[in-house]
Every structure is written in C-alpha cells, then in structure tokens.
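The values are calculated or read from the model by the stated rules, or taken from the named source; none is laboratory data. For clarity, every value in this text was computed on a predicted model and none was experimentally measured. Because the Cβ atoms are built from the backbone with ideal geometry, glycine has one as well, and the counts that use them run over all protein chains shown.
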Ligand SMILES: *Cc1c(COP(=O)(O)O)cnc(C)c1O
C-alpha cells in the first residue's frame, strides 16, 4: 500500500486510501484479516505537516527556551552527539550481536566504545571499575545498593539500615527500600549539611550504607564528607555517591578520592544526552576495588590480542540487571562528549555551571529568601516564603515564568525548604539568557507586592492556563482534538 503522502496532489485537500478489494497475501488466518476499509482520517501532506509542526510548537523544549529546572535539568545537549549516535555503523548493529561469536568480528568498534567509556568514567570519578548497564539514575542506585548488599552477604555481615539525609533525592530512599533495607533519615543542619552528630548517633554495625548526594540538592558541597566516610567505614558501612549532577565537580574533584565505595552517574543529565519524558537514560555505576567482583554480568574484558569479549563467568556477580548491554546510544553520546571536551573542557563545564548558579544566586537574593546563603555549586535554592505572606506561592511564580517563555525551576523540592525554588542555570547558558531570567524573576517579585492577582492569573498566553495537575497526570486525555 502506498503512503497517503505520496498520493497527495497540489490543490487537493484529501486523498482516499487505495481500496483493499484486492486480497493481499499476508499469511495470516482469515479471521484476523480486515473486512472493511479502515476508517482512517483523510488528510493531505500539507495538513499533516502543519498538524505536527503546530503540535511541536506547543511543546516546550531546551532547543527553544531557557530551562533552569534544578537538579534534574536538561544540561548541555550538543547536536554533534546526536549525529554520532545515529552513525550507521553503530545504529544498525543488532543489539545481541556482541554476545554471539560474530560480535568478536563485527561489533568490536561498538564494544570498544563501551569498554573505553567504562574506563573514562572510572578515571573521571576515581573509581576502580564501572558498569554501564543500568538504564537510569534510579536503576543505577538500585544496582549500587544491590552491590552493597552482596558485599555484606559475602562477608557474613547482617545489615538492616541505609542512612540518607533529608535533602536526598526521593529515588535514594526508594532504591534502598526496594533493595530490602529500612531507611533512616538524618535531618540537615543549619548549614544545609547532613547533621553530623545525629548521623554518628545512628551509625552502628546494623547499618549497610550511607547514601549521599554531593553537592546535595541544596546545591551545597557537603564539606564533612571525609569525616562521614571515615565514620561509616569504621563500622564497615559503605558510602554511596549519587552523582546524577556530576557537572558540578567534573574534573575538579573525584568521589573515589573522598572515600566513596559506589557512585552512580546520569549520562542523560551530565554527559550529552537530552532527557525528559522518561527516557532513554543511562545510570552507570562505579565501584571501589572491594566491590568489583559483585558487578553485574556480563563484564567486557579485553584479550591479550586486544579482542573485547563479554565475560559471564563471575560467580559473585549480582547477575544481569539490564537487557542487552544498557542504552548504547546514550553511551555513544557520553563517549563523544567526553572526548570532545577533554580534561580542560570538563573542568570548564564545572566552572561555568558553578559560576552561572552563583550569578543567579547573588543577583536574586535581595528579592527572594535564601535559606542557605552561601557559595553554591551547580544550583541555588530560594524560598518564596516572603511572597507567600502576600498570598503568592512558588507555583504562582513558576506559572509567571511559563508566560514569559522560561521553563520554571524545580519547585517544592528539596522538601526541607518551604516554597522552594531550585534554580540550575547549567553550564551552557549565556549571560544574556541569565540576565533575562533574572529580570523576569524580579518582575515576579515586584508583582507579588503590587499586584499578587497578576501572578495568580498567569500564564495568560499559553494553550491551556492552569491545570488540575494531579488529575492531568492520572487522567490522561490522549484523544484526537482537531486544532
Ligand atoms: C535525577 C536524579 C536522580 C534520578 O535519576 P533518574 O534517571 O531520573 O532515575 C537521582 N538523584 C539525583 C540527585 C537526581 O538529580
């Protein structure tokens, strides 16, 4: 059957599909064959192009506007990494070929990329080895906690608890719980650090691990990390590093050097792959030497003659944790991104990310409350408590930003900051873009005083204004509505 596009002629609005009166040999049983023509909408090529182009315009994307969504933000998504991920030599490989003997001959280039990427990530983080199998940050966390559990089991340690600070990303306690641990939450102190005294009081030989994010979700570098690792190791508890936002310290500091035993990274945040809408992701996990033997199978190993092969015979491995070898396209982008930037480029990423966040922090701190007022890393967290006194919430400010064609920062997270507004400008935004954002934030602060209703009525220029967001998530409307 021909595509309707090809049959479309200039000047004709709609084209009928060819009739199915000639039986098509499908090999399917007669009862599965269509008896009537399908009732498909008829439209010309132009109508369809316009439909999808207009739909795409209703979308908000990092390609069109500023996106300072803190923590989980779209960071740098260079276009050249897209090109590399689409190269035929990579994109046309059968996803299972590397497990077959043929892989030794035909998939060596692809295997080399994964093999080298695991080594580059080890070098960047100061870890002993990496697996690139996990398919997201949360999946990396679960893998990491399973490695920790395997370690304790092998040593005959009976452990029950995983400690997390109350500023942690929600996936941390969730991953620990899914892996079978009870979660102990430690409050943050007035500096935004995990409270060291309370931490020490909860630390005992029943604790399997401590999961930390550094810089934490307040954008603050946990300067007590050395002490935390030392105290944990004294009771043989392992220390987990949530490195989803490694862009804050790339090339500057390495979690392995701080004493961390397990690290996960989000390649789809910090290493050149766009994310949003749920995927695809990659959350590789790095480990110190003592956890190496538990890493998921297969491991990629290099023969004396340089051939890369998957190795399955690792008796202490936690087993397989992903189909195939993870999200290869995301790995390709990360590999290209790292090679393109080189060491000096990676350092520049961290410097620009931190500089941009501090620029926003300093320019806005007169207008919004800053609960943890200190030099921040890749993001800064304000609070709209002052505006709230006039009835204006963080949500109202976010809606005003949408009206001004800026993606809102993360709001109401971290949970320990009331009316939180978490801004991550990222390393790649220009001063002009940041200045415009600062201008709009100041406008919002001024409206909160002079005309709070103006913010409550925002956004005024979007396809839909305010949604019942809980309902929108639970009751999706995916039906066709002609424009
Ligand atoms: C995004 C994020 C995660 C979870 O990563 P996913 O890929 O969304 O599962 C975990 N921790 C932190 C700090 C993050 O920002």
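Results, tabulated for the structure shown:
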{"item": "Which listed residue is over 13 Å from the mean Cα position of the chain (by Cα) and over 17 Å from residue 117 (Cα atoms), from 258, 324", "result": "258"}
{"item": "Condition met for residue 37 (assigned to a helix (DSSP H, G or I), out of contact with any strand residue (DSSP E or B) (no Cβ under 6 Å at 6 or more places or on another chain) and surrounded by 12 or more Cβ atoms within 10 Å (Cβ to Cβ))", "result": "no"}
{"item": "Residues that are assigned to a helix (DSSP H, G or I), out of contact with any strand residue (DSSP E or B) (no Cβ under 7 Å at 6 or more places or on another chain) and touching a residue at least 12 places away in the same chain (Cβ under 8 Å), drawn from segment 186-203", "result": "196, 200"}
{"item": "Residue in segment 328-350 that is within 25 Å of residue 407 (Cα to Cα), surrounded by fewer than 20 Cβ atoms within 10 Å (Cβ to Cβ) and in contact with a helix residue (DSSP H, G or I) (Cβ under 9 Å, 6 or more places away or on another chain) present", "result": "yes"}
{"item": "Test: residue in segment 269-278 that is within 12 Å of the chain's Cα centre (by Cα), crowded, with 21+ Cβ neighbours inside 10 Å and assigned to a helix (DSSP H, G or I)", "result": "yes"}
{"item": "Scan of segment 255-268 for residues that are within 15 Å of the ligand (Cβ to nearest atom) and outside any loop (DSSP other than H, G, I, E, B), ordered by number", "result": "255, 262, 263, 264, 265, 267, 268"}
{"item": "Candidates 444, 470, 448 - the one that is in a helix (DSSP H, G or I), under 25 Å from the mean Cα position of the chain (by Cα) and more than 30 Å from residue 41 (Cβ to Cβ)", "result": "470"}
{"item": "Out of 320, 361, 374, sole residue that is surrounded by fewer than 16 Cβ atoms within 10 Å (Cβ to Cβ) and more than 28 Å from residue 144 (Cα to Cα)", "result": "374"}
{"item": "Any helices (runs of 4 or more DSSP H) falling wholly within segment 73-185 and containing at least 1 residues that are free of Cβ contacts under 8 Å to residues at least 24 places away in the same chain and either within 16 Å of the ligand (Cβ to nearest atom) or within 30 Å of residue 423 (Cβ to Cβ) (or both)", "result": "79-85, 171-178"}
{"item": "Condition met for residue 272 (out of contact with any strand residue (DSSP E or B) (no Cβ under 9 Å at 6 or more places or on another chain) and within 13 Å of the ligand (Cβ to nearest atom))", "result": "no"}
{"item": "Criterion violated by residue 363 - all others in (1) modelled with pLDDT of 95 or more; (2) under 18 Å from residue 123 (Cβ atoms); (3) in contact with a helix residue (DSSP H, G or I) (Cβ under 6 Å, 6 or more places away or on another chain) satisfied", "result": "(2)"}
{"item": "Top-ranked residue in segment 115-133 [being crowded, with 21+ Cβ neighbours inside 10 Å and out of contact with any strand residue (DSSP E or B) (no Cβ under 6 Å at 6 or more places or on another chain); ranked as nearest to residue 287 (Cα to Cα)]", "result": "124"}
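A quick yes/no check of all residues on (1) over 17 Å from the mean Cα position of the chain (by Cα); (2) buried (at least 20 other Cβ atoms within 10 Å of the Cβ); (3) away from the ligand (no atom under 16 Å from the Cβ):
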{"position": "203", "(1), (2), (3)": "yes, yes, yes"}
{"position": "222", "(1), (2), (3)": "yes, yes, no"}
{"position": "225", "(1), (2), (3)": "yes, yes, no"}
{"position": "233", "(1), (2), (3)": "yes, no, yes"}
{"position": "238", "(1), (2), (3)": "yes, yes, yes"}
{"position": "246", "(1), (2), (3)": "no, yes, no"}
{"position": "253", "(1), (2), (3)": "yes, no, yes"}
{"position": "284", "(1), (2), (3)": "no, yes, no"}
{"position": "289", "(1), (2), (3)": "yes, no, yes"}
